[in-house]
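**Student:** A single structure is presented below for examination.
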Amino acid sequence: MKWTSALAIYMLFWSVTLFLVLPFGVKTADEIGAKKVKGQADSAPAHFNGRKIALRTTIVATLLFAVFYLNFTYNWITLDDISFFHPPANAAQ
């Protein structure tokens, strides 16, 4: 795999992981007892820490990409293993 392809796939993992990690640890103004700003949504986070979220996202995305890359290198699971349209010949009928 070319390094540019690996980088593009890693960025996809990072982007998807961002949306998975984003809601964890969020506290609303009501939960911490802070005063809300006029027009603020009830679900808006009281304190947003972008560095913390970026660090969590990078760690999780790196672990997921490492598993993906190892699977790509060692062929643990291939498309033939998960094919729903062409089951293996030795499958029970």
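The numbers here are math on the coordinates, done by the rules we state, and not lab data. These figures come from a predicted structure and were not determined experimentally. Cβ atoms come from the backbone with ideal geometry, glycine included; neighbour counts cover every protein chain shown.
**Student:** Using modelled backbone amide H atoms (1.01 Å from N, in-plane), which distant-in-sequence or interchain residues come within less than 5 Å of T28's amide H?
**Tutor:** Correct list: A46.
**Student:** What lysines sit close enough to K27 to cross-link, taking a C-alpha to C-alpha distance under 29 Å and skipping anything fewer than 8 places away on the same chain?
**Tutor:** K35, K36, K38, K52
**Student:** By how many degrees, between 0 and 90 and to the nearest 10, does the Cα long axis of helix 50-74 differ from the longest principal axis of the chain?
**Tutor:** Approximately 0 degrees, to the nearest ten.
**Student:** Helix 3-21 versus the longest principal axis of the chain: what angle, 0 to 90°, nearest 10, using Cα atoms?
**Tutor:** For 3-21 against the chain, the angle is about 50 degrees.
**Student:** Follow-up. Treating the Cα atoms of the chain as identical point scatterers in vacuum, please give the log10 of the normalised Debye intensity I(q)/I(0) at q = 0.19, 0.23 Å⁻¹, two decimals.
**Tutor:** Log-scaled intensity ratios, in q order: -0.94, -1.12.
**Student:** Can you tell which of L79, I53, L12 lies farthest toward the positive end of the dipole of the chain, using +1 and -1 charges on the Cβ of basic and acidic side chains (Lys, Arg; Asp, Glu)?
**Tutor:** So the residue we want is I53.
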